[in-house]
Each structure stands twice: as structure tokens, then as C-alpha cells.
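Below is one structure, written out as C-alpha cells; comments come after it.
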Number of protein chains: 2
Amino acid sequence: MESDNLAYMELAIHQAKLASESLEVPVGCVIIKDGELIALGRNRTTETRNATRHAEMEAIDNLLEMWQRDGLSKAEVAKNFSQCILYVTCEPCIMCAAALSFLGIKEVYYGCANEKFGGCGSILSLHSSYSEPFISDKVPQRGFKCTGGLMSSEAISLFRSFYEQRNPNAPKPHRPLVQKKVE
Amino acid sequence: MESDNLAYMELAIHQAKLASESLEVPVGCVIIKDGELIALGRNRTTETRNATRHAEMEAIDNLLEMWQRDGLSKAEVAKNFSQCILYVTCEPCIMCAAALSFLGIKEVYYGCANEKFGGCGSILSLHSSYSEPFISDKVPQRGFKCTGGLMSSEAISLFRSFYEQRNPNAPKPHRPLVQKKVE
């Protein structure tokens, strides 16, 4: 199982590399269901001129379009999502974590933490209905299991080379370079 | 100016009515730039089988697709967004508020508060870099001016009729029915 996790995260890292080659901030992800790869995503904020097109939103939309083409009902989509595991190279931001919660994803593995925008432990804990009292009293969002720190050094290396390559005067990365474990 | 605000919110209410007629939870919005209507959006979560297709995300994507077809650069898109005002019948949820912050919108007016998921005052204050110390220390997201309570009774009426019409045993609305003012 541990080796499966590494293999899936390798695929996410590959997506992050493709993002980097397209001059996008290097974040990549994959979605796995029943041991099968069913969606890919990489950050496309520059290409789309849309600051919300994070890797997770790309993968989610790819998957939902596929399920819609297949004619799945809303209930079937919800059931499918509850069996999905997301592997993403950097902790989902607040927007993406809220989206994953609305969709009812089963589990998330991420690489490095996102200390500025992270929604799975760093700034907010949207994955957990329990760990943030100010949220849990009011928000009946679905929690999901979340584990950080899987291949985080590879994710961090990609960020480092991206920002060093591009422009030494560039602002610091939005998704800073921290290793962290969240359960 | 006050009458302009009411006129724009009327258009958002109309979008919410269209959503209701399509058996969607009735939330609608419009985006105004330089006094002109430039985007419409209504909740389409059922039609798209996608729990993230809130009215705001629909309007944002419509707008960004238009600007992409027009060949606008990322900087031009960012500049345009900083001149946009969103009118939405219900307080943006955490996901939508984070998205609006990433995009750098200028201002938001909403109708009724969203006490379960609201990201502009009810649960989190993602519109403000100042009001939530646990956020402001770490998250350099762009704030935006935000005013709630504009035509909230109309927005609430739409929710009420929608939930009463559909199913007396249905769960309570996700966007509960509260009037509130946020500055």
C-alpha cells in the first residue's frame, strides 16, 4: 500500500513537471479510484489566465465532465467521489479544500505544506470536521482523511528550480516549501 | 448609486429565479464593470452534477472565457477583475470567497447571509485581510469590500419557495435564511 502511494505520487510529480515545462507554478495531481488512475490535473493558471485553475480544480473538472458524458446521476457522482483518493504535490489551498469537501472526496495525500493558503492543516483544516471548533459548530461539510509529507522533498525541489530558473527577483512562491504531516 | 445597486441585484435575483425554474437551489449573480453588466451566473450544481458549480464560479468562468477569447493577457485580466463588482443573492461560500480573493475582485454585494458556509463574514472573513487575525498573519490574499443585506428578503423568499415547493421532507437549505450586514 505504501508503495502504491509512492507510485501515485510519482504520477502527480510528473504532472507538476509538465506544469513547470509550460512555465506554470509546478503543482500536479492525480485522482485514483479502486486502484485505477481516473484523472490528471496540473496547475494552468497562466495558460488559462485564470487564477483559480489549480491542479485540483483541473482534475475535478476533467473527472466530472467524463462522468457527465457517461450519463452518471448526481447521486452516482457523489458515490464515486466518496471512493476517490487525490494525490497532490502541495497541500490544497482553502478554495480547493472546500471544493473537495463539497464533493465528498474520500482521502487526500499531499507532498509539501502550503503555509500561506493551505486548507488541510496549515491555515484552515477544512478536511476535518473536528479539529477547528469555530468551523465544526456551524459547517456540516464532509471531512476527508488527509496525510501530508508524501514525497515532499521532490515537490519542494520542483518549486525551487521553478522559481530559481524563472526570475531571481520573483516574489516568493505562493505555496511555500515546508514538510509537514497531517492526519 | 443606491438605485444602481438595487437594479443590479434585481438582475441577480432574476438569475436566481431562472435557477429555481431549473430545479436548482436559487442563487444568482451578476458582475458589473464600469457600470456595465459583463457576466451572469446561476447555480447549476444539479444540471452539471458538480457540487462546485455555484453561481459565482459560473459567472467567473464565463467572464474569463470571454476575456481569453478576446486575447487578454494575465495582467489585463487581473486589472479588469480589480474593477469588477459582484452582486450575488446569497453570501459567497468559503470556496467562492477564496476564488474571488485570488482573482482580486474589487467589491461584492450580497443578499442574505450564508450561515453554514459563508466566506464573507458568517464563517470566515476571506474578504478582509484584517478581521481574522488567524488568517491575516499568514495569508496575503487580496481583500475586497463587501456589503451584505441588499434585497435579502427577496433572496430568502426564493429559498423558502424553492424548499417548500420541492419536498417538505427535504433537508434544510445549505444557505440558511438570515439577514445580515457586513462592511
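The values are calculated or read from the model by the stated rules, or taken from the named source; none is laboratory data. Note that the structure is a prediction, hence the values are computed from the model and not measured. Quick reminder, even Gly has a Cβ in these numbers, built from the backbone with ideal geometry, and neighbours come from all protein chains shown.
The requirement of being within 11 Å of the chain's Cα centre (by Cα) and closer than 23 Å to A:Met57 by Cα is satisfied by B:Gly41. Out of the range B:1-23, which residues are more than 14 Å from every other protein chain (Cβ to nearest Cβ) and among the polar types (S, T, N, Q)? Selection gives B:Ser3, B:Asn5, B:Gln15, B:Ser20.
The set of residues from the range B:11-33 being among the charged types (D, E, K, R) and touching a Pro at 6+ places or on another chain (Cβ under 8 Å) comprises just one member, B:Lys17. Pairing each residue of the range A:109-120 that is crowded, with 24+ Cβ neighbours inside 10 Å and of a type in the set (Lys, Arg) with any residue that is at pLDDT below 95 and assigned to a loop (DSSP other than H, G, I, E, B), provided the two are 6+ apart or on different chains, yields no C-beta distance under 7 Å. Within the range A:59-96, the only residue that satisfies the criterion of being of a type in the set (Lys, Arg) and facing another protein chain (nearest Cβ under 9 Å) is A:Lys74. Pull up the range A:1-23, narrow it to residues that are among the small types (Gly, Ala, Ser) and touching a residue at least 24 places away in the same chain (Cβ under 8 Å), then point me to the one that is surrounded by the fewest Cβ atoms within 10 Å (Cβ to Cβ). Ranking the candidates gives A:Ser22 first.
Okay, residues lined up against (1) surrounded by fewer than 24 Cβ atoms within 10 Å (Cβ to Cβ); (2) more than 11 Å from chain A (Cβ to nearest Cβ):
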{"residue": "B:Val25", "(1), (2)": "yes, yes"}
{"residue": "B:Ile31", "(1), (2)": "no, yes"}
{"residue": "B:Leu37", "(1), (2)": "yes, yes"}
{"residue": "B:Gly41", "(1), (2)": "no, yes"}
{"residue": "B:Thr46", "(1), (2)": "yes, no"}
{"residue": "B:Asn50", "(1), (2)": "yes, no"}
{"residue": "B:Met57", "(1), (2)": "no, no"}
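Within the range A:97-108, the residues that satisfy the criterion of being buried (at least 24 other Cβ atoms within 10 Å of the Cβ) and either under 17 Å from A:Ile13 (Cα atoms) or more than 8 Å from chain B (Cβ to nearest Cβ) (or both) are A:Ala97, A:Leu100, A:Ser101, A:Ile105, A:Val108. Mind listing whichever residues of the range B:1-40 are of a type outside the set (A, V, I, L, M), closer than 10 Å to B:Tyr87 by Cα and touching a helix residue (DSSP H, G or I) at 6+ places or on another chain (Cβ under 8 Å)? Correct list: B:Gly28, B:Cys29. Pairs meeting the criteria (first residue in the range B:41-56 and at positive phi, second residue of a type in the set (A, V, I, L, M, F, W, C) and outside any loop (DSSP other than H, G, I, E, B), beta carbons under 6 Å, at least 6 apart or on different chains) are B:Arg49/A:Val77.
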